[in-house]
Amino acid sequence: MNAVVAPDRDARLAAFREEARAWLAANAIHEQAPSDGPASREFVLRWQQRQHQGGWTGLTWPKEYGGRALSALEQIVWFEEYAKSGAPSTHDASFVAMNHAGPTLIACGTAEQKEFHLPKILRGEVIWCQGFSEPGAGSDLASLRTSGRVLGDEIVISGQKIWSSYADIADYQELLIRTDPTSSRHHGLSWVICPMDAPGITVRPIRTMAGPRKFCEVFYDDVRLPVANVVGGLHDGWRTAMSTLGFERGTASVALQIRLVHKVEALIADCQDDVLMARLADLRAEVAALRAMTYRIALTNEGGSPGSEGSIVRLYFAELTQRVTEAAIDLYGISSPQVLKDHGWGYDYLDGFSEAIAGGTVEIQKNIIGERVLGLPRGAR
Amino acid sequence: MSVLLPSREQREFVEDLLRPVATLLPVSRLQKDVSSDVASWNSLAELGWLAAAASENVGGVGLSAVECALMSERLGEFLASPTVVATIVAARLLEASQPELSKTLASGEVRAAFGFVGRDELPIAVDPMDAALLVVLGKNEVSIHEVQQYGAPLSEAHTLWSSSLHSCVLAKTVSTTSDPIETANVLVMLAAQSAGIAIASRDTAVEYAKLRQQFGQPIGAFQAVKHQCADMAARALAAFDLVCFASVAVAEARPDASFLSAAALNLAVRSAVLNAGSNIHIHGGMGFSQECSAHHYLKRARVLEALAGGISGVRQRMLAMDPRLAG
């Protein structure tokens, strides 16, 4: 960031904050989204539409696609006020559209793809899901086998994806497939936009250990998509996918991270146990550090993907989320209302196990940090 | 709020200013004499480092809290005696009330050491090098005292803490400040040294993991080692980014400066101890020997933790903060 700041910058930012706070006070929904199914879709789209009408979606997205082209600083201010207002968690069915698909299309999509999809996302008309993992390709994503045969201007897809959250209620999927049958590993893959109503798609929701039936298996039986749905070049999907994961590992979680600050404050306010207090003191410092790291990455990678260093924040966030939810269970006990209630700490604790698995396990993040940030030699996997 | 990070100019300025540190204070110097920074004291003074924080009217350079924190981090990496930072801090704290004394600190004629209150409530000075003043971080204030007399070292410095610890008799109190920004500044300056240890421990561990071969490959290729290095990287970055974030809050005199500096101290102190321990472990048998520098980082990390009030004090300070300043 620049050392020299326009003199009215603080005043404009303060006005922006005031505007955000006032809008949220008048408009924020104070219940959490239903966890799964059509009710979750309806809730998420309605809340997204309301934010869009207020002008609060796509703050950093380009103006021509319905965004406001503001800086990362405004985005941070919005998320701070958003988290303070008690509005619904952003880790809902809108997460992939807002934090994966949208930024990926902005970075790698064609003008047509951007014009068609980005305004729909911002207006709250569509849900997106992710289709990367397969039964045989988890941490080893590059071993994926779902195939796309290129026939003229069509791709014919067959195979299977798994752990695709909200696939049962989604309109589109960011789908990573092998389009060059002679290729191996990360060569010959393509990242395609897959409409979920295409003939040949079957979705089976799977219940998570935390309760909701939110993540899914998706089967593709000769699903035909136009080649024009490829994002970032045919057979060049690995690069696009890494950009997608870069967004997930970096700035996508700003709102969640600020939310964690408030969760730790709630625990401190309720704690009267000296032993637990020591842990909460450390957690208070750790969420402050998470916030400092997030802000630095957001402000120094304005609009871009944060790269390998984002893996450090992703790792820190995953492990910290688990420490916070563990502390909550230890503080309240398993039978307290705070733990048992809908979207209570019990849910957060169980759901927290996914943080160390999804979007690249903590072990994969540590490999990335070791090899790409620290320059350690690659070893056997 | 529109400035949240150190600027590129600030970072480059400090990098330039501190460039001589590697030749002036190589960590290898500690192999000979753990309290030898008195030998390079005049050079530190000539470089203007001791005058960094004090304002120009007492002969200081008048750098902001951000540049001073970045300096302190760098000094921490090279295990500069805490007395260097204590002198920088004291020159600033005394510039208004005792400008003459402040001048002698900024010029290096007079030294100030950091001290802490030991188990028996008596003050302990760290690496005093006959410092005339002792800077002590209290619960809500920072106080500076004249030292009347130092006792013999409490232990043989080269075996226990890589610093000499001395009991001392204090004369009068020269100044006490409970100004939240000035206090936060001292917390950040201490935290920055610890962050420097977390960073240097990470770097030396990673360097060794690339060199040391076992089973036909560098040990850093093994996930068991690589993942420890990744954990060290996360701790070091968290500590450094939070120190920077807090230093900007101090420089801008923001209301959340106290909160962030307390958080920075908590995180940096713990990161330094953990990273220094991992560094020893990754160096294996060599790490356990005195011929390797790894142990100095751990020992200094523990000394800085004591100066910060001990882990219990660090946690209590964190919990005493107003929740409205959390973010």
**OP:** Report, by residue number, each residue of region B:253-270 that is under 28 Å from B:A294 (Cα atoms), facing chain A (nearest Cβ under 9 Å), crowded, with 24+ Cβ neighbours inside 10 Å and not aliphatic (A, V, I, L, M).
**Re:** B:N266
Original post:
Within the group A:A266, A:A285, A:A298, which residue is in contact (Cβ under 8 Å) with a residue 24 or more places away in the chain and facing chain B (nearest Cβ under 10 Å)?
Top reply: A:A298
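Do the conditions hold for B:V250, that is, is it under 30 Å from B:R8 (Cα atoms), more than 12 Å from every other protein chain (Cβ to nearest Cβ) and in contact (Cβ under 8 Å) with a residue 12 or more places away in the chain?
So B:V250 passes the test.
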Original post:
Before we move on, is B:G220 touching a Cys at 6+ places or on another chain (Cβ under 7 Å) and part of a helix (DSSP H, G or I)?
Top reply: yes
Original post:
Can you pull out the residues in region B:1-31 that are among the aliphatic types (A, V, I, L, M), more than 14 Å from every other protein chain (Cβ to nearest Cβ) and not in a helix (DSSP H, G or I)?
Top reply: B:L18, B:L25
Original post:
Condition test on B:V142, is it under 17 Å from B:A91 (Cβ atoms), outside the structural domain of B:A251 (by TED's automatic domain parsing), surrounded by 15 or more Cβ atoms within 10 Å (Cβ to Cβ) and under 17 Å from the mean Cα position of the chain (by Cα)?
Top reply: yes
Original post:
Hey, among the residues in region B:72-100 that are of a type in the set (S, T, N, Q) and either assigned to a helix (DSSP H, G or I) or farther than 17 Å from B:F114 by Cβ (or both), which one's nearest to the chain's Cα centre (by Cα)?
Top reply: B:S72
Original post:
Looking at this structure, is B:N279 closer than 22 Å to A:L290 by Cβ, at pLDDT 95 or above, polar (S, T, N, Q) and assigned by TED's automatic domain parsing to the domain that holds B:V243?
Top reply: no
**OP:** Inspect all residues belonging to region B:210-221 and state whether any of them is at negative phi, touching a residue at least 40 places away in the same chain (Cβ under 8 Å), within 14 Å of another protein chain (Cβ to nearest Cβ) and crowded, with 18+ Cβ neighbours inside 10 Å.
**Re:** yes
Original post:
In region A:179-190, is there at least one residue being touching a residue at least 40 places away in the same chain (Cβ under 8 Å), over 19 Å from the mean Cα position of the chain (by Cα) and within 20 Å of A:G102 (Cβ to Cβ)?
Top reply: yes
Subject >> Scan of region A:352-381 for residues that are facing chain B (nearest Cβ under 9 Å), of a type outside the set (D, E, K, R) and not in a helix (DSSP H, G or I), ordered by number >> reply: A:L374, A:G375, A:L376, A:P377, A:G379, A:A380
Original post:
From B:A233, B:A238, B:A205, which residue is under 18 Å from B:N266 (Cβ atoms), at the interface with chain A (Cβ under 10 Å from one of its Cβ atoms) and buried (at least 24 other Cβ atoms within 10 Å of the Cβ)?
Top reply: B:A238
Subject >> Pairs where the first residue, in region A:242-254, is outside the structural domain of A:R296 (by TED's automatic domain parsing) and at pLDDT 75 or above and the second is part of a helix (DSSP H, G or I) and aliphatic (A, V, I, L, M), C-beta under 7 Å, 6+ apart >> reply: A:S243/A:A107
Original post:
Would you pick out the residues in region B:108-160 that are of a type in the set (K, R) and in contact with a helix residue (DSSP H, G or I) (Cβ under 9 Å, 6 or more places away or on another chain)?
Top reply: B:R111, B:K139
Subject >> Verdict on A:L276 being buried (at least 19 other Cβ atoms within 10 Å of the Cβ) and more than 9 Å from chain B (Cβ to nearest Cβ) >> reply: no
Subject >> Selection from region B:126-174 of residues that are within 19 Å of B:V84 (Cβ to Cβ) and in a loop (DSSP other than H, G, I, E, B) >> reply: B:D127, B:P128, B:M129, B:D130, B:A131, B:A132, B:A157, B:W161, B:S162, B:S163, B:S164
Original post:
Of the conditions (1) among the acidic types (D, E); (2) farther than 30 Å from A:C216 by Cβ; (3) surrounded by fewer than 20 Cβ atoms within 10 Å (Cβ to Cβ), A:E80 fails just one. Which one is it?
Top reply: (3)
**OP:** Of all residues in region A:347-381, count the ones that are touching a Leu at 6+ places or on another chain (Cβ under 8 Å) and of a type in the set (A, V, I, L, M).
**Re:** 2
**OP:** Exactly one condition in (1) surrounded by 20 or more Cβ atoms within 10 Å (Cβ to Cβ); (2) closer than 14 Å to B:A53 by Cβ is not met by B:A80; state its number.
**Re:** (2)
Original post:
Does A:A328 satisfy the condition of being facing another protein chain (nearest Cβ under 10 Å), more than 23 Å from the chain's Cα centre (by Cα) and either at pLDDT 95 or above or in a helix (DSSP H, G or I) (or both)?
Top reply: no
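The values are calculated or read from the model by the stated rules, or taken from the named source; none is laboratory data. These numbers were taken from a predicted model, which means no experiment stands behind them. Cβ coordinates were reconstructed from backbone atoms using ideal geometry, including for glycine residues, and neighbour counts include every protein chain displayed.
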